[in-house]
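Below is one structure, written out as structure tokens; comments come after it.
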There are 2 protein chains.
Amino acid sequence: MSVRSKTRKPMPTSPFSPSSTAQTLISTMARKSSVLKQTLASFVVVIFVIYALFNTFFHPTDSSKLDSTFSFNSVNSASVVLNELYRESSSNLSGKFTTPVKIYLYDLPRRFTYGVIEHHSFARGGHPVADLSKLKYPGHQHMAEWYLYSDLIRPENERVGSPVVRVLDPEEADLFYVPVFSSLSLIVNPIRPAVESEKPVYSDEEMQEAMMEWLQEQEFWKRNNGRDHVIIAQDPNALYRVIDRIKNSVLLVSDFGRVRSDQASLVKDIILPYSHRINTYTGDIGIENRKTLLFFMGNRYRKEGGKIRDLLFQILEAEDDIIIKHGAQSRESRRAASHGMHTSKFCLNPAGDTPSACRLFDSIVSLCVPVIISDSIELPFEDVIDYRKIAIFVESSVAVKPGYLVSVLRALTPERILEYQKELKEVKHYFQYEEPDGTVNEIWRQVSQKLPLIKLMINREKRLVRKELTEPDCSCICSNKTGINMLS
Amino acid sequence: MSVRSKTRKPMPTSPFSPSSTAQTLISTMARKSSVLKQTLASFVVVIFVIYALFNTFFHPTDSSKLDSTFSFNSVNSASVVLNELYRESSSNLSGKFTTPVKIYLYDLPRRFTYGVIEHHSFARGGHPVADLSKLKYPGHQHMAEWYLYSDLIRPENERVGSPVVRVLDPEEADLFYVPVFSSLSLIVNPIRPAVESEKPVYSDEEMQEAMMEWLQEQEFWKRNNGRDHVIIAQDPNALYRVIDRIKNSVLLVSDFGRVRSDQASLVKDIILPYSHRINTYTGDIGIENRKTLLFFMGNRYRKEGGKIRDLLFQILEAEDDIIIKHGAQSRESRRAASHGMHTSKFCLNPAGDTPSACRLFDSIVSLCVPVIISDSIELPFEDVIDYRKIAIFVESSVAVKPGYLVSVLRALTPERILEYQKELKEVKHYFQYEEPDGTVNEIWRQVSQKLPLIKLMINREKRLVRKELTEPDCSCICSNKTGINMLS
């Protein structure tokens with residue numbers, strides 16, 4: 001695991017503040033850092049030239065044996081190594097390995113960004129404001145859209161070290177980010193409206209259609225049919241109405257529970273963590289203050305894969321050291337869940353209506369070892385996180401056998417639990433959206449990694465000739481670990 | 001396009017040569033370059049600290065306005081920028097963005113490498129040699145296996161700048177390379193044996209089975225079921241017998257003509273260029289010395305997709321400025337092809353038994369604009385090469401319409417042809433296996449890009465629970481440009 005800076009960046013002071021001169025100097029320097037790097041690359045080379053020439057020409061050698069071929073060879077070798085070094089230093093310092101991916105942030109019409117916040121506020125009795133950008137984005141579990149947008153609109157000198165650099169000219173861009181608040185749009189209308197009789201005035205579906213209409217007019221959308229666009233649809237229901245029209249793009253989603261395999265996949269898209277809703281556990285690892293063996297609080301009755309929840313309640317609720325309670329979303333229940341997760345060794349994570357849930361990320365930041373019972377779950381950042389080190393996976397069909405789950409958990413030694421906790425602590429920064437090098441940077445890193453395949457697909461599609469295929473032209477990677485021929 | 005060094009590296013002189021002292025010094029320095037880089041990173045930071053502190057504390061500001069919060073802010077900002085700069089410089093110089101992918105070269109039993117060369121030699125009347133590694137690998141169009149192996153066994157100081165670094169401890173490796181000479185193995189037995197009555201003593205199939213047996217015994221193969229292994233099977237028939245057993249691995253292939261979509265794909269595998277068999281055209285761009293409009297020399301009669309060849313012969317052979325000849329592989333015909341390609345504006349590239357052919361790469365290095373008539377062709381390095389800029393693609397069904405192809409080519413202005421040639425010249429280094437930063441480095445770069453997905457699949461497969469699926473668990477990226485609903 002790479003060492004990452006955890007320093008929290010302060011918000012920039014206003015340009016009129018007395019410290020702005022120092023600030024400006026610092027930001028100018030940061031902008032100049034690429035020039036500085038170029039200079040350094042040259043510096044390495046100059047030093048090396050002097051050293052290499054000195055060694056080649058002035059090192060005492062037996063001149064009787066030194067025929068012209070050999071001296072040519074060594075000068076040549078020196079120049080080759082030099083060349084290599086120069087190439088390496090320049091590629092390290094400014095070359096393709098380190099050049100951050102260039103991303104263009106669409107200046108979306110306000111109705112798809114701050115306008116959604118405004119409607120959310122109106123629906124809860126809020127009043128119109130003069131400057132929409134002063135509106136506070138309301139917290140919820142699918143608010144990656146807010147963090148990614150906020151990150152991209154920061155001044156570039158605060159974004160140094162990000163895997164993506166924002167460019168203002170779309171011609172320069174590798175990728176295009178569409179900062180639609182698609183998840184917030186889903187929850188603009190409160191479940192219980194302020195005035196009972198009032199009909200909702202906001203329509204998420206209209207928003208989706210209007211956004212698509214706008215997007216399809218954009219020159220750069222049309223250029224590659226959206227292939228180089230990144231669109232956020234974190235809530236499993238977000239943008240559901242237009243998903244077929246954006247399926248070429250890199251989608252940022254929570255799971256693939258509600259999309260078809262030709263609309264989204266691990267190869268094309270990115271699994272985002274939910275924004276955890278309970279407090280991060282800031283204490284050290286340990287089990288002294290974690291008397292509860294297993295904790296769960298949430299909806300007992302769910303559809304589809306979530307039917308397992310009721311079965312788990314039945315076999316677990318009688319156990320003394322297990323807390324398993326039915327509870328809906330509220331500030332009060334969040335407080336109770338926070339306390340429960342901070343004082344339990346294990347946290348139950350059964351499937352809900354969709355395979356993923358916010359609870360997993362609450363468990364992780366609580367250092368409460370997740371027990372995942374969700375056979376189709378997809379997990380964020382799985383190239384850098386080995387989830388077997390931080391969680392226990394149990395097949396649904398096995399988990400519902402009376403006594404099984406409890407006996408597995410009781411058999412784990414305190415040392416083993418501490419190992420899980422240690423790993424949880426190591427990776428929890430990946431799930432902290434607010435950390436300077438937390439979730440946001442990791443999402444951009446994941447986005448960057450898609451670029452070669454995106455470029456390949458774009459180039460390939462432009463030259464493909466019409467073929468009469470009987471099935472779609474797909475490139476896949478398959479897992480061998482399925483139920484096919486493996487039923488037990 | 002990045003500027004790349006074209007300097008050819010001389011072979012290392014023997015350790016006993018008089019220039020070895022200089023050589024040793026140079027190589028020691030190269031090894032030390034990572035230390036040098038670390039030092040430089042620290043150097044940037046130190047300079048910056050001094051500059052930042054100076055600006056923060058000594059820059060004249062109106063001290064009456066400078067309250068403690070603001071001065072805290074600016075010091076804090078300085079430290080944040082510093083932190084970022086340090087993190088960036090260390091990640092640039094030694095961090096994850098630039099750390100080359102670590103590859104372990106299997107020490108395969110000789111029978112799968114030099115042993116194949118020896119058998120190839122025996123079958124042509126060669127005599128046993130004491131040191132197998134002195135055997136010269138015989139040139140042919142699928143010899144990437146030789147270049148990749150030769151590259152990895154070079155001393156690490158000559159490999160500086162490569163996208164992959166060889167590690168000697170498999171525990172450290174990200175990926176494992178299996179250097180089997182699988183394509184040479186296919187052609188060990190000559191089509192016409194030296195002694196007519198002799199039965200071939202070499203069996204490629206036995207080689208494949210024996211290699212699989214050996215591989216499946218390896219600890220690191222078993223660890224991830226070969227998922228992190230890179231296996232070369234460049235000839236479309238190479239390793240055909242065991243392909244199902246290596247389908248988890250990254251396969252280095254010429255095309256997907258003879259594999260199923262669950263065995264190989266653009267997502268999992270890498271398309272290699274053939275090793276061009278005619279001389280590179282070293283002259284400048286221009287059409288003065290290219291009087292022939294279109295050139296083709298090769299087998300007129302092929303199976304499957306290659307049936308188009310005979311049709312093309314029929315419509316093209318009557319044209320005055322077109323050379324289209326039937327010819328088999330031989331040194332003589334290579335010389336004729338070389339001359340033809342160097343003196344023609346366009347080179348015809350129809351499908352053969354498989355969609356790809358060596359001829360395309362011969363055309364490219366000849367600066368003879370390829371006219372590709374092969375609807376299922378896959379092209380190497382398509383993320384970095386836009387083939388529409390260097391080649392003309394024509395649908396098979398359209399290409400066989402009498403008069404069509406000729407009229408398209410005649411309509412192209414000299415300026416347009418020069419543009420194609422200019423682009424060909426830009427990208428031709430990607431197809432030069434012998435160039436220091438040519439094909440070999442680009443293949444390793446492509447291999448490196450697969451790593452995130454490989455790691456994701458490995459981590460995911462370890463935690464996947466058994467599911468009762470009705471179809472394989474695949475992640476795909478699909479093209480919209482197929483014949484489905486697009487028949488015209």
Output the residues belonging to region A:363-397 that are within 16 Å of the chain's Cα centre (by Cα) and of a type in the set (D, E, K, R). A:Glu378, A:Glu382, A:Asp383, A:Asp386
Of the conditions (1) among the small types (Gly, Ala, Ser); (2) open to solvent by 50 Å² or more (accessible area, probe 1.4 Å); (3) in contact with a Cys (Cβ under 7 Å, 6 or more places away or on another chain), A:Ser265 clears all except one; give me its number. (2)
Check on A:Val165, of a type outside the set (Ser, Thr, Tyr) and assigned to a loop (DSSP other than H, G, I, E, B): no
Residue check, B:Leu252 within 30 Å of B:Ile454 (Cα to Cα), touching a strand residue (DSSP E or B) at 6+ places or on another chain (Cβ under 8 Å), assigned to a strand (DSSP E or B) and not basic (Lys, Arg): yes
Could you check, for region B:277-291, whether at least one of its residues is within 30 Å of B:Ser397 (Cβ to Cβ), in contact (Cβ under 8 Å) with a residue 40 or more places away in the chain and in a strand (DSSP E or B)? no
Filter region B:278-309 down to the residues that are of a type in the set (Lys, Arg) and open to solvent by 60 Å² or more (accessible area, probe 1.4 Å), then identify the one that is farthest from the other protein chains (Cβ to nearest Cβ). B:Lys291
Selection from region A:310-320 of residues outside any helix (DSSP H, G or I) and surrounded by 14 or more Cβ atoms within 10 Å (Cβ to Cβ) yields A:Glu317, A:Glu319
Name the single residue, out of those in region B:430-449 being closer than 19 Å to A:Gln449 by Cα and of a type in the set (D, E, K, R), that is surrounded by the most Cβ atoms within 10 Å (Cβ to Cβ). B:Glu442
Please list, ordered by residue number, the helices (runs of 4 or more DSSP H) wholly in region A:360-452 having 1 or more residues that are farther than 27 Å from A:Pro179 by Cβ and away from chain B (no Cβ under 14 Å). A:404-411, A:414-427
Hits in region A:207-220 (condition: more than 23 Å from A:Leu186 (Cβ to Cβ) and surrounded by 16 or more Cβ atoms within 10 Å (Cβ to Cβ)): A:Phe220
Residues in region A:158-166: is at least one away from chain B (no Cβ under 14 Å) and at pLDDT 95 or above? yes
Do you know which residues across region B:123-165 are among the aliphatic types (A, V, I, L, M) and open to solvent by 50 Å² or more (accessible area, probe 1.4 Å)? B:Val129, B:Ala130, B:Ile153
Do any residues in region A:403-425 that are within 22 Å of A:Asp362 (Cα to Cα) have Cβ atoms under 6 Å from those of residues that are open to solvent by 40 Å² or more (accessible area, probe 1.4 Å) and in a helix (DSSP H, G or I), where the two are at least six apart or on different chains, and which pairs are they? A:Glu423/A:Lys389
When (1) at the interface with chain B (Cβ under 8 Å from one of its Cβ atoms); (2) modelled with pLDDT under 90 are applied to A:Asn485, the one that fails is (1)
For A:Asp362, indicate whether it is among the charged types (D, E, K, R), closer than 21 Å to A:His142 by Cβ and open to solvent by less than 40 Å² (accessible area, probe 1.4 Å). yes
Taking the condition open to solvent by less than 50 Å² (accessible area, probe 1.4 Å), among the charged types (D, E, K, R) and either closer than 21 Å to A:Leu252 by Cβ or free of Cβ contacts under 8 Å to residues at least 24 places away in the same chain (or both), does A:Asp174 pass? yes
Yes or no: region A:81-101 includes at least one residue that is under 15 Å from A:Val230 (Cβ atoms), within 14 Å of chain B (Cβ to nearest Cβ) and modelled with pLDDT of 95 or more. yes
Complete set of residues in region B:345-359 that are outside any helix (DSSP H, G or I) and either farther than 20 Å from B:Arg410 by Cβ or open to solvent by less than 10 Å² (accessible area, probe 1.4 Å) (or both): B:Phe346, B:Cys347, B:Leu348, B:Pro350, B:Ala351, B:Gly352, B:Asp353, B:Thr354, B:Pro355, B:Ser356, B:Ala357, B:Cys358
Looking only at region B:115-154, count how many residues are closer than 15 Å to B:Gln234 by Cα and either touching a Pro at 6+ places or on another chain (Cβ under 6 Å) or not hydroxyl-bearing (Ser, Thr, Tyr) (or both). 10
Selection count, region B:239-262, where residues are within 15 Å of B:Leu215 (Cα to Cα) and open to solvent by 10 Å² or more (accessible area, probe 1.4 Å): 6
Just need a number here: residues in region B:418-428 that are open to solvent by 10 Å² or more (accessible area, probe 1.4 Å) and not charged (D, E, K, R). 2
For A:Gly438, state whether it is touching a helix residue (DSSP H, G or I) at 6+ places or on another chain (Cβ under 9 Å) and at positive phi. no
From A:Ile390, A:Ile323, A:Ile373, A:Ile377, grab the single residue that is among the β-branched types (Val, Ile, Thr), under 30 Å from A:Lys268 (Cβ atoms) and in contact with a strand residue (DSSP E or B) (Cβ under 6 Å, 6 or more places away or on another chain). A:Ile373
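The values are calculated or read from the model by the stated rules, or taken from the named source; none is laboratory data. Everything numeric in this text was worked out from a predicted model, so none of it was measured. Virtual Cβ from ideal backbone geometry, glycine too; neighbours counted across all protein chains shown. Keep in mind that these areas ignore ligands, DNA and RNA; they rest on the heavy atoms of the full protein, side chains included. Shrake-Rupley method; radii C 1.70, N 1.55, O 1.52, S 1.80 Å.
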